[in-house]
Every structure is written in C-alpha cells, then in structure tokens.
1. Using r as the Cβ-Cβ distance of Thr248 and Ala72, and R0 as 35 Å, what FRET efficiency do you calculate, to the nearest 0.05?
2. Quick one: length gained pulling Asp281 to Leu507 fully straight, 0.36 nm per residue minus the C-alpha distance?
3. Roughly how far apart, in whole Å, are the Cα centres of the stretch 598-646 and the stretch 443-517?
4. On a C-alpha basis, how far is the centre of the stretch 184-252 from the centre of the stretch 561-596 in Å? Whole number, if you could?
5. Taking 7 Å along the Cα-to-C-beta vector as the label spot, tell me the Ser605-Ser418 distance in nanometres, rounded to one decimal.
6. Working with all protein chains in place, sort Ile515, Ile102 by solvent-accessible area computed with a 1.4 Å probe, largest first.
7. Could you report the stretch 38-94's accessible area per residue, 1.4 Å probe, as an integer in Å²?
8. Can you work out the FRET efficiency for the pair Thr482 and Asp350, with r the C-beta to C-beta distance and R0 = 30 Å, to the nearest 0.05?
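The values are calculated or read from the model by the stated rules, or taken from the named source; none is laboratory data. It should be emphasised that the depicted structure is a prediction, and the values quoted were computed from it without experimental measurement. Every residue, glycine as well, gets a Cβ built from its backbone with ideal geometry; the counts of neighbours run over all protein chains shown. Heads up: the accessible areas ignore ligands, DNA and RNA and are worked out on the full protein's heavy atoms, side chains in. Shrake-Rupley method; radii C 1.70, N 1.55, O 1.52, S 1.80 Å.
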Amino acid sequence: MRGKGNKILGIISAVTMLGGTIAFAGCSGEVYKGESLSAGYVSNAEVTSNGGFAVEKGDFVYFINGKEEYTAENVYGEVVRGALMRISKEQLQKGEYDKAQIVVPSVLSTQNYSSGIYIYGDYVYYATPTTDEDVDGVVQNSSLDFKRSKIDGTEAPMDGYFFRLSSNTVNYRFVQAGVDRDGDGQKDVFCLYEDDGALKSYNTATGENMTLVTGATVYYDQSDLENPNVYYTMNVTYNIEDSAIAHTPGYNQIYCVNAAARATVNADEASYTVEGGKTYDFDKAVMEKANEDAEEAQDNGEDVEIPYDFEDYSTYPYVNLGKLVLDGVGSQKVASLQPDTRFNQDDAKDAGEPFGYTYTIARYENGGVYFTRAANGSETKLYYMTDNRKSTLNTVTANNFGENVDVDLIANDTTKASGSAIFQLATGDNGARTHTYIYLSGSEIWRATVGANAETTEVRVASSAAGTLWQTRGEYLYYYGTGTNGYNLSRVNYTGDEEDYNAISMLETDEYKPITVALVDWHNDWYKPEFIGGTDVVLYCNAQSYAGGDVSYNYIYAAKVGTTDEIKKNNDLYQEVKEYLDEYSTNETATKLIEYYFQTEGGVSKEVEELYDKDFFKEVVEKFGKDGELVKESKLIALVGKMSDAHAEEIDTLWTEYLLQPEEEAAEEETGMPGWAIALIVVGSVLVVAVALGIPAYRAHQKKVEAKREAEATVNAYKRQRIDTTDDKSIDVYADEDEETKDEE
C-alpha cells in the first residue's frame, strides 16, 4: 500500500495495461496483439519450476498475479488480479517489486491448485475460465479453456483454445514427451488431463486427442510436474468363454503410460494395438449383442446409450495404452476360471506368490514409484522402484525382487513412512541409492535414514514444531501451520548431527532451532509458495487483511528468507513494532494509527491528524520515518507487481473508515453520568496525559474560569474525535453545548 499527499492511503500506482488491437488468426479466432516485452527476453533461456503459479525462464520469473475467482469478469486486456506477470530476478533481489509487467491480461485460474502454468519455447500454456455465454447470456465460467500465449506479451488468443472442459477442478499437466509429430522441429507439447473417469492426452501441435486409460487412479510425478509419465494400478476384468459374465481376479497390476502413447483401431476385429506395445482383442459378437440390447431398450423408451463404437477404442471394455510394470498374477489356477492372457505379459507359472499380489501406489516422485503390495492382505512393506528399469524386465518374476530387479525396501510398515512424510533419494558415485524420509510424530520432527532391511537411523530435528511438512530446500526443511488468516512459514535445518539438536548446543547457535518467518501469512486455498532460484526471495499469495477487516485481497507478496541470522534479525525488527503496539494495547484508536504507519507509506488527511495529540502523532510519524527506529512492513514483506485501481481504492476506503472510527460509545450509557461530570473527569485525565506525553503541564492551581475553559475545550475536542494516547483508557464525552451552558449557569 502506498500513501499519497494528504490522503489517508494512496492508491497504488495505476496498472499500465498492454495497449493492443484485435486481429484475426484463422481458426484460432480473435488474437490479442500487445506491445512486445522484448527487453531482457531470451527465447532459448532455460526454464525451471514448471507447473506452479510461478515459473522461471532465464533472468525472469513469470507468475500468476494472485488468486482470482473463476466467477470474476474475465475481459481480456482488463484483468489485473489473476493475470500473468513477469519480473526479473535482479529486481526481486533488489526489492524493486513495482517493476513487474503484465504479460497475459486474462484470468489464469482453475479450482485445482496442483498444477498451474507451463512455459515451453516462446509460449506459456495455461487454463482459463471460458468467457462464452449460453443462450440465456450467462457466462459459462465453470468451464475451462486450455490455451497458450506468447511469453513476450505480443500475441494471445481471446476466444480460441485447444480444447474445453466442463469442469474447473480437473487435474492436468502440460508436458513434452520427446516427439515432433507436426514436423516443425520442436518437441510437441501435450496436455495430460482427467475427464469422465479417463486419463487423456491432447497434442497441442497436431490436435490429436488420445484416451490413455479408463477406470484407473493415476499418480503424477510430485517432484517434477512436467514429467510426461504417469503411474496407475489396473484391475483385470475379462469375459469368460465368450460370455458377458465378467470375472475379476484377486490381483491387480502396475502400469506406466507416457503422454505420447497412442493406439490404432481394427474395427472389423474389435481390437486395438498400442503403438510399440500390445494388441487387445475382444469378442465382437458379445459387444454387438450388447449394442443390440441397448437399441431395443431405447425403442422401449429407456434412457440408455449404445455402449460400443467399434471405430473408437475408448468405448471398448478395457482401455489401457500403458506399459506393464509389475504383474500381480499368481501361479495358482482355478480350472473353471482360466485367466485370459490378453492382460498378462509374462507366464504366470513363474509367479512366486500362488494367489497373486494387490498393489497400492503411495506416490510417484524422486524418479520412481513408491508402493505397497499385499498377498491375502498380509504385507504392508513400502517399496521403491526406479523408472530406469530394464526394458526386458519380466513383470511376473520381478516380484521376487532379486538382484536383477531395481527395487528398494524403504520401510517395513507405513506408520512413520506415511503419506505425510517427505521422501528423499541420494545417489552415490557408484550408483548406490540412499533413502531418507522425514516424518512428524506429534510435535516432533524426525529424520530417518534407511539402511539394510529397512532398518533406520533416526535423529530428532525438532521437538516443538506442530504443523504440516512441506518440502526440503538445501539444508532446510520447510513446514507450516495455521497463521492469522492462512498458513505461516517455518523452517529448521534438518541436516545436523544428533548433538546439534540438544539443549546445550542450541544455547550456542540458532541454526538448528525451528524458526517462523514473521508476517508471512499465505492463502491456504491456492498454490503453495514458490522459492525463486538464485535469490533469497519466496513468493506467496498473501492472505493478510487490511485495516482491522477480514477481507483478503489475495495478491502476490515477496518475503526475503535468507540465512537463519537474517530471518532472526527481521523477526526482531517486527518484535519491536509489536512491543510498541503493546504499549498502547488499552487504547485502540492509538494502535490504529501505529498499524497504519507500519503497514503503509503513511500520509493522512488533516481530519485524521486532528484526532491525535500533536506530540503523539509526531512520535508515530518519526518512529516509522526514513530514519526512524521502527521498521515498516514493506521492508519485511511487500506486494509484487500490480494491484487493480478498484482494489487500491477499496483499501484506501477501509483505512479511512478504520482511522476515523471512534471508540465504542458506551461510557455515558454505562455510567449514566451527565456531561458536566464526564467533562470534569476528562479534565483530570488531560492533566495526566499532559505529564505522560510531555505536553506543556497544566497548573493544578489554575483559576476556576480557566478550568471551565479547559473543560469546554476538551468536550469540543472530543467532537472532533480527539483522543488520549496514553495507556489509560479514553473517556467518552457526550456533552451537548446547550446542556453545557445550562450546567455552567
């Protein structure tokens, strides 16, 4: 927030929108033509951190400018909150936050915050609420359009899109899969997304849309959001002896599919072949009979669909374009239920477990899949299998986990190695893997290093750190708990030895103590914060409210994290402000002025200034001035980018009302005292205040007429909302001038 002149709060600098004209680009519809943001832009610069609300490309950070609701007016060229912006890393590090520029003035928003924006080449790929209207003129903003725009701000589709989904909570990823099917010399970008119980892949270069699998729970890579591979488990369901009676075996399988997977259909044979993989064939007669039954039901007025389209494999009884990783098939056969081997890659007779395995995927990250498996419900061990397995891996015998199978035992049970734990993988020069996981037990954080047979060496790294574990970055573990309006941000150095965390060692250094970054209060229903590489800056969606209200404007803020000593120094500076506020804890109106000068650039109207004792007002201004002894909030956390004029004006109004709002007017009602009695009490209070604030002292032996004059001045001052600024509670005065005159008479 910025102060200006004699206003209570200055409106934040007006947003400079990209001037542009509307052009037409064939089937893509209207295209926004904006001014080029070519300064400093390097087309082939490296891109990191794809998938969140902030992505780094070269020397710049591109970020979504805050949390905007999908129901917001999404007029291209006028959007500020929720738009795509950029700022250089140098500007971030220097704190030149107001130099951010708008790149895509459209709402980049979904209701699923596990995936965000992606940059490939010269384009940013994103999802945005559609602006199309239905026949009644209602905007269909609960649907999502998937688009791309030029990252230099020069071109963006306004009504064109790759495809549209009716759900705004969909899981999706934009990825590259290493193929160039349109022949333009660039790797094709695919959009992986889930729709109607299926995982699908849309090629943005060719427009080809493939259904990869149906009826599966998929697991995207949690550590690399641009990974084109997805894991999932599949049940084996097949028809027996050409009948329509389905049988589900007591085992399942683990598959992995790539975004570039596709299949060709043989409608005559009711089969499809996965490119470079298996052929799945089905009994066409059974499928035709099912279609005939559906047609007959329709003729009888029933609301049913024709189940199978032989030209479309995605309607077939089993859809799966993935590659089999582990097959839980058992060696035990039931004569009357001979399995159909279309689902099995290798011979079941080689299975080590007679009744088969049921797999449960825990997560996909660190270059491999974590899973448990159960044989008759007896096993709960956690395993890790790397992506870099041999292409000739036998999917059945691999379950024996012999020397030739790249599987590691992580834990003998998942009590500690649970879904809330953080898993790490380190690879030595000899290729040997070392697994570590960090878990929370009560309010204690533990680091467990995995050894042979999943035995662990554990170190307690924090004894009072309640919250949720988030991520490790360098030597630090970051976690969060409930903040003022959202979540706070805490960390601890988790890499120390056991003795570093004992009480004696921590008396000598703060390095291994948990510490919370002051004032960071990030939105708990949006993307998690983003650390910017090459800087000590973290960006987050600010859940902070203003002027004593409960409204959060949800813009992006920056906080410099730095070393433990730097965090502690900033925390101490903020503590000094809190102590100053505590001095006036019994005087709400005084604390309002302190809050205002701490949170804004200052500058108030004459009307507000007259509410306060001159010496107290001067004191507050000086304390938060250029050479003042107290830090301003903008030195600890600050708005990055732009705030809309409308929101800046709203905040301006909030501060105005907040500062002008009087104390609760309850004194006279509660005491029933007449105005003259309250006035006399106020006179006494003023005498105390005068001494406390160094105002020229009133003489106790003033003449009666002088006392009356002072009482009258005090009463009139109250009418202008003047307040005491000592720790004593202000006394409300409700004297009426006419009544005063009568009292004096």
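1. My answer for the efficiency is 0.15.
2. Stretched fully, the Asp281-Leu507 segment lengthens by 74.3 nm.
3. 37 Å
4. Result: 53 Å between the Cα centres.
5. 5.5 nm
6. Heavy-atom accessible area, descending, gives Ile515, Ile102.
7. Counting only protein heavy atoms, the per-residue value for the stretch 38-94 is 39 Å².
8. The computed FRET efficiency comes out at 0.05.
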